[in-house]
Amino acid sequence: WIVWLSPFGWAEQARPYDADLWGPALLGLAFGIVLAIGATALQSVRDIGEGFIPARRGRAHARPGLASSQALVWRLSYGSIIGWAIGGALVGILATTLNGLLNQVSAGNSEVTDILKKLSGGSSMDNVIITVFFTMLGILGACVAVQTIGRARQEEAHGTAELVLATTVGRVRWLTGYLVVAVCAIVITCAAAMATAYLGAVSHKGSSELYRNITVTGLSEMVAAAVFAVVTALIFVIVPRATIALGWSLLLLATLFGMFGPLFGLPEWTTHLSPFGVTPVLKGDGVDVRGLWWLVGIVIAGAAASLTLMRRRQLASDG
């Protein structure tokens with residue numbers, strides 16, 4: 001019955017290429033129409049910039065924890081960070097608890113096995129599930145990074161960044177706050193996944209290799225996600241109006257090339273264009289670092305370049 005609580009579950013219950021049931025699909029369509037009509041009706045009586053639930057009056061004086069610009073960035077971002085961390089925790093627990101089930105499914109279907117191995121880079125089936133799920137984790141970490149840096153562009157476009165920069169806070173310090181919070185958000189999201197993955201491994205009496213794979217893959221995806229934080233920051237400095245569109249577009253392309261490139265039969269070099277396609281993996285008793293040092297170099301160079309160029313850039317407050 002839980003399946004029926006989600007629109008995705010309705011789509012699955014339509015059972016295309018099997019029973020071809022129209023009822024669940026029409027249910028989704030009808031529910032969407034009802035929501036659209038309700039949203040339109042509510043919007044027609046809503047005040048611009050306000051909600052139906054009155055905003056709570058703020059404090060007359062800020063808490064000591066909001067005494068810095070970086071703390072303000074955290075205050076603006078922590079809600080979304082919590083949401084992404086919950087998603088990371090779900091990915092982690094699924095990576096270890098679904099391991100046995102997917103092994104059973106793939107054992108009787110060589111095509112499923114081939115697909116999983118292509119997605120994971122051809123490693124053994126013991127490590128395939130962790131690699132696939134933690135690649136999704138890296139994408140989640142990159143999403144929270146892009147969203148956090150994109151918030152800097154929104155603050156600039158709305159004119160609220162100017163209020164902060166009118167104080168003793170400089171442009172470099174202001175952008176540094178967003179970069180630091182973005183990296184912290186990545187660490188929190190990936191750490192939540194690693195923690196729940198460890199718990200799942202303990203409950204299923206996982207091998208020592210499984211714990212090693214969780215650690216190596218989780219830390220590797222942190223580095224891959226950090227690439228998108230600095231790249232988006234660099235875009236923000238050079239072409240601020242393209243920050244949100246270009247930042248999310250690059251993440252989408254990296255996901256397609258890094259995760260699905262091998263499945264689509266794309267050349268190997270296209271997979272290597274994506275940070276998700278060159279993260280370290282376990283190889284026997286050792287670790288194949290692959291493109292780790294390139295990723296670390298990009299993170300360091302990108303952060304340094306964005307902060308250096310930010311010294312000379314003027315605010316672009318018009319959206």
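The values are calculated or read from the model by the stated rules, or taken from the named source; none is laboratory data. Given the structure is predicted, the values throughout are model-derived calculations rather than measurements. FYI the Cβ positions are ideal-geometry reconstructions off the backbone, even for glycines, and counts take in every protein chain you see. These accessible areas exclude ligands, DNA and RNA; they are computed on the full protein's heavy atoms, side chains included. Shrake-Rupley method; radii C 1.70, N 1.55, O 1.52, S 1.80 Å.
Results for (1) at pLDDT 90 or above; (2) among the charged types (D, E, K, R); (3) in contact with a Leu (Cβ under 9 Å, 6 or more places away or on another chain), shown as yes or no for each residue.
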| position | (1), (2), (3) |
| --- | --- |
| S68 | no, no, no |
| I81 | yes, no, no |
| G87 | yes, no, yes |
| G92 | yes, no, yes |
| A95 | no, no, yes |
| Q104 | no, no, no |
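Output the number of residues of the range 149-168 satisfying the condition of being under 16 Å from A245 (Cβ atoms) and open to solvent by 10 Å² or more (accessible area, probe 1.4 Å). The qualifying residues number 4. In summary, V146 fulfils each of the numbered conditions (1) hydrophobic (A, V, I, L, M, F, W, C); (2) surrounded by fewer than 21 Cβ atoms within 10 Å (Cβ to Cβ); (3) in contact with a Phe, Trp or Tyr (Cβ under 6 Å, 6 or more places away or on another chain) with the single exception of condition (2). Residue count for the range 255-295, restricted to those that are in a strand (DSSP E or B), over 18 Å from F133 (Cβ atoms) and either in contact with a strand residue (DSSP E or B) (Cβ under 8 Å, 6 or more places away or on another chain) or modelled with pLDDT of 90 or more (or both): 2. What about L27, is it open to solvent by 60 Å² or more (accessible area, probe 1.4 Å), of a type outside the set (F, W, Y) and free of Cβ contacts under 8 Å to residues at least 12 places away in the same chain? In short, no. Being part of a helix (DSSP H, G or I), open to solvent by 70 Å² or more (accessible area, probe 1.4 Å) and of a type outside the set (A, V, I, L, M, F, W, C) is the filter; apply it to the range 199-210 and report the residue that is modelled with the highest pLDDT. So, considering only residues that are part of a helix (DSSP H, G or I), open to solvent by 70 Å² or more (accessible area, probe 1.4 Å) and of a type outside the set (A, V, I, L, M, F, W, C), the one modelled with the highest pLDDT is S203. Note on the range 60-89: residues that are β-branched (V, I, T) and over 21 Å from F134 (Cβ atoms) amount to 1. Exactly one residue among E221, E162, E209 is in contact (Cβ under 8 Å) with a residue 40 or more places away in the chain, closer than 24 Å to T308 by Cβ and not aliphatic (A, V, I, L, M), and that residue is E162. Report yes if A242 is in a helix (DSSP H, G or I) and surrounded by fewer than 18 Cβ atoms within 10 Å (Cβ to Cβ), otherwise no. The answer is yes for A242. Within the range 296-319, restricting attention to residues that are open to solvent by 70 Å² or more (accessible area, probe 1.4 Å) and among the charged types (D, E, K, R), the residue that is modelled with the lowest pLDDT is D318. Across the range 194-206, a minimum of one residue is classified as closer than 18 Å to A142 by Cα and in contact (Cβ under 8 Å) with a residue 12 or more places away in the chain. Quick check, is G291 surrounded by 19 or more Cβ atoms within 10 Å (Cβ to Cβ) and touching a Phe, Trp or Tyr at 6+ places or on another chain (Cβ under 8 Å)? When the stated conditions are applied, G291 does not pass them.
Of the set (1) of a type in the set (A, V, I, L, M, F, W, C); (2) part of a helix (DSSP H, G or I); (3) surrounded by fewer than 10 Cβ atoms within 10 Å (Cβ to Cβ), all apply to A19 but (2). Could you check, for the range 33-42, whether at least one of its residues is open to solvent by less than 50 Å² (accessible area, probe 1.4 Å) and at pLDDT 80 or above? Checked the range 33-42: at least one residue is open to solvent by less than 50 Å² (accessible area, probe 1.4 Å) and at pLDDT 80 or above.
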